[in-house]
Structures are given as C-alpha cells and as structure tokens.
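The values are calculated or read from the model by the stated rules, or taken from the named source; none is laboratory data. What you see is a predicted model; the values in this text were computed from it and never measured. Note that we place each Cβ from the backbone using ideal geometry, even for glycine, and neighbour counts take in every protein chain shown. Areas reflect the complete protein model, heavy atoms only, side chains present, ligands, DNA and RNA absent. Shrake-Rupley method; radii C 1.70, N 1.55, O 1.52, S 1.80 Å.
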Amino acid sequence: MSQRLGAPPARLTLAKLPTPVERVPGLDVGGAEVWVKRDDVSSDVYGGGKVRKLEWVLANAPYDGDGPILSVGGVGSHHLLALALFLRQQGRSLHALTFTQTLTPHVRRNLAVLVSCGARLWNVKSRARLPWAWLAYHVWRRPERMGVSMPAGASTALGCLGFVEAGLELSAQIDAGLLPLPRVVFVTAGSAGTSAGLALGLALAGRSMRLHLVSSVERWGFNGVMFRRMLGMAHRVMVQHGLPASQAKGSAGQLLEHAGVTWCIDHSQVGGGYGVPTDAATQAMEDARAQGLRLETTYTAKCVAGMRRALAEHPVEGPVLFWNTHASNDLRAHVREGWQADCPFAP
C-alpha cells in the first residue's frame with residue numbers, strides 16, 4: 001500500500017503479512033469451491049482483521065501518543081480486545097464504553113482477557129444505553145486522564161488502509177497462482193472499515209469482483225449510506241497522501257465502477273441482533289471447526305452462514321472466497337486469576 005502513495009502515512013509493524021489462502025472443500029456449496037483467506041493467523045499477539053487497521057491507526061495522530069484510548073463495543077468485542085492487547089505492548093491503557101451482550105463462552109473469554117489486560121470498562125446493559133456510559137465517563141466516573149476517542153472497530157479513514165492493502169495482497173496472491181480469481185468474496189461487515197477498504201484495494205488492483213458483505217448488525221447500524229461514506233473517506237485520505245492521479249480522479253464509487261468491483265449488503269444473518277447467536281451460525285461454526293477453522297457466532301460464523309444461504313439461492317460455479325477475520329490465538333494465558341473482581345458486572 002505504501003508504495004502506491006506518494007506521501008504515505010506512518011505505519012506500525014504489528015501483523016505477519018501476507019496471510020495464507022487455503023482451499024477448504026468441506027465448506028463447498030453446490031458447484032462453488034470455497035477458499036479461505038486466513039487472517040486468523042495475522043499476528044502472534046492477536047490475529048484477525050483488527051490488527052491490519054491498528055497498524056495504521058496507532059501510528060498516526062491523534063492515537064500515537066502515550067495516553068489511554070477510549071473506544072466502544074460489546075463486552076466481547078474483538079476490536080476492544082485487540083486494542084487492549086496492543087496498547088499493553090506500548091505501556092498504554094484502554095478505556096472502554098461497553099454494553100452487555102449474550103455471554104457465550106467465547107464472549108466470556110474475551111471479557112476475561114479484556115479485564116485481565118487492565119482495560120477499564122464503563123458498562124451498560126444494552127447498546128441503547130451507551131449514551132449513559134458516555135455520560136458516566138465524562139461526568140460522574142470521569143477518569144483522571146481522559147482517553148482519545150476512537151470509533152468502533154478502529155474504522156477510520158486511515159484504518160481502512162489496512163484492508164486496502166489486504167485487497168492488493170489478495171490480488172498479488174492470485175497473480176502468484178496461490179488461488180484462482182474468486183467469483184465472489186464473502187466478508188463480515190459492521191463498522192464498514194474492513195469492507196470499504198477491501199473494496200478499494202481490489203479496485204486499485206483492477207480486479208473485477210463481487211463483494212458479498214454479511215452484516216453482523218441491523219440495517220440502522222450498517223447500510224449502503226454508511227458503506228459509501230466510508231468508501232469516500234478512505235479514498236480522500238489516499239488522495240491526500242499521494243494516490244496516483246489516474247486513480248485519484250473522480251469519486252470512490254467511480255473507481256470501483258471502472259474496475260468492475262460490485263457489492264451487496266446481506267442482513268439475513270443478524271438474527272436477534274449484534275452478538276446474538278443463531279442456529280445457522282452455530283452450525284457453521286461447528287462445521288468450520290471440523291475443517292480446522294476457529295470461528296465465532298458474532299461475525300465469522302454468521303458470515304459463513306450467509307455464504308451458504310447466498311450460494312444455495314444463487315448458485316455459483318467455481319471459486320469463491322471466505323475472508324476469515326477472526327483471531328485463532330489461544331488467549332487463555334492472558335486471563336488473570338480473580339479477574340471477575342475487577343469486572344463492573346457479574347460475568
């Protein structure tokens with residue numbers, strides 16, 4: 001990515017890239033041949049897709065200081081977990097506005113690691129009550145040193161560059177013969193940073209491809225308006241940092257159209273809401289485990305469930321790609337005995 005910008009922004013080296021691609025016949029649907037992009041092994045600290053964004057976000061203002069960062073998410077948030085682990089490496093701390101979600105074993109493990117890493121939580125019982133967490137943070141439980149606010153998912157314009165690079169990385173792997181050109185790429189979506197960056201990266205590479213975005217949140221939380229807005233923000237920041245004139249002209253949408261990158265948003269797997277397991281996701285997680293893949297029911301298992309439904313309803317012959325954004329790291333060693341005493345609610 002940096003080589004394509006005349007004046008690239010700063011960047012940390014947190015991830016092990018490129019991540020591998022693998023053929024997983026056990027996930028095939030009809031004539032569709034499923035390949036998997038293994039971002040689950042992107043870091044020895046904490047893999048998945050979040051580390052790609054944090055390489056760019058934590059290297060630049062206003063997040064490159066030495067103080068705490070304030071962000072938001074469910075108590076099992078992968079974004080908050082990744083942020084806490086990488087901030088701890090820098091001797092920094094995380095302040096988190098959180099909401100209680102369904103406490104699956106996976107969510108409870110994430111919460112245990114989050115608290116064990118020293119993250120401070122301002123927790124409420126639901127997403128709808130997050131404004132109360134914000135008030136508590138700024139008024140009646142105000143910390144001595146305030147954190148710099150970071151959007152959910154580290155989905156800033158700079159954060160998108162992590163997945164712009166990921167799209168270019170995939171294109172290079174296709175050129176190298178590591179996988180055939182996928183007809184469709186299935187990836188989870190929630191805060192738009194991953195999906196928008198990936199779309200732009202594929203467009204910059206000139207790859208005519210369809211992105212199927214399986215939303216983990218309701219339509220009000222992720223939709224076409226939000227996706228286009230993130231596309232525009234990321235494209236503008238690349239232009240500001242020296243994107244070549246041939247790709248800087250026009251809008252982000254025109255760049256995608258010229259390259260033949262199309263997309264759709266699939267809300268069929270949201271179920272009871274963010275973080276609420278569904279039967280289809282639970283089955284997908286179990287089937288993926290049998291193929292050696294570790295998924296979870298908030299994002300990636302719902303993505304596989306969405307892929308299965310889409311391919312059953314609209315059959316595809318040939319290769320498709322599932323982008324695994326979940327981290328496969330074993331984090332049990334990070335859990336501190338007695339962590340429950342520091343949790344703001346009974347886990």
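Observations on the model:
- Test result for Leu58, under 30 Å from Gly318 (Cα atoms), touching an Asp or Glu at 6+ places or on another chain (Cβ under 8 Å) and open to solvent by less than 30 Å² (accessible area, probe 1.4 Å): no
- On the stretch given as the stretch 278-292, residues that are hydroxyl-bearing (Ser, Thr, Tyr) and open to solvent by 80 Å² or more (accessible area, probe 1.4 Å) total 0.
- Candidates Asn60, Asn110 - the one that is part of a loop (DSSP other than H, G, I, E, B) and at negative phi: Asn60
- Enumerated helices (runs of 4 or more DSSP H) restricted to the stretch 173-276, each holding at least 3 residues that are in contact with a helix residue (DSSP H, G or I) (Cβ under 7 Å, 6 or more places away or on another chain) and touching a residue at least 24 places away in the same chain (Cβ under 8 Å): 193-204, 224-240, 252-259
- Pair list, Cβ < 7 Å and 6+ apart or interchain, from the stretch 136-164 residues that are touching a residue at least 12 places away in the same chain (Cβ under 8 Å) and under 19 Å from Ala61 (Cα atoms) to residues that are outside any loop (DSSP other than H, G, I, E, B) and among the polar types (S, T, N, Q): Met150/Ser71; Ala152/Ser71
- Residue in the stretch 218-237 that is within 24 Å of Asp40 (Cα to Cα) and open to solvent by 20 Å² or more (accessible area, probe 1.4 Å) present: no
- Filtered residue count, the stretch 280-334, keeping only those that are in contact (Cβ under 8 Å) with a residue 40 or more places away in the chain, assigned to a helix (DSSP H, G or I) and β-branched (Val, Ile, Thr): 2
- Meets criteria (open to solvent by 30 Å² or more (accessible area, probe 1.4 Å), under 18 Å from the mean Cα position of the chain (by Cα) and among the charged types (D, E, K, R)) for Arg336: no
- The set of residues in the stretch 293-318 that are in contact with a Phe, Trp or Tyr (Cβ under 7 Å, 6 or more places away or on another chain) and open to solvent by 20 Å² or more (accessible area, probe 1.4 Å) is empty.
- Output for the stretch 170-211, where each listed residue is in contact with a Gly (Cβ under 7 Å, 6 or more places away or on another chain) and surrounded by fewer than 20 Cβ atoms within 10 Å (Cβ to Cβ): Arg183, Ser208
- Complete set of residues in the stretch 1-51 that are on the phi > 0 side of the Ramachandran plot and either in a helix (DSSP H, G or I) or surrounded by fewer than 18 Cβ atoms within 10 Å (Cβ to Cβ) (or both): Gly30
- Entry remark, the stretch 75-94: residues being surrounded by 21 or more Cβ atoms within 10 Å (Cβ to Cβ) and more than 18 Å from the chain's Cα centre (by Cα) number 1 in total.
- The stretch 148-170, residues that are farther than 14 Å from Ala199 by Cα and either among the aliphatic types (A, V, I, L, M) or in a strand (DSSP E or B) (or both): Val148, Ser149, Met150, Ala152, Ala154, Leu158
- Among residues of the stretch 125-147 being part of a helix (DSSP H, G or I) and over 18 Å from Ser71 (Cβ atoms), the one that is modelled with the lowest pLDDT is Ala128.
- Every residue from the stretch 38-52 that is of a type outside the set (Lys, Arg) and in contact with a Leu (Cβ under 8 Å, 6 or more places away or on another chain): Asp40, Ser42, Ser43, Val45, Tyr46, Val51
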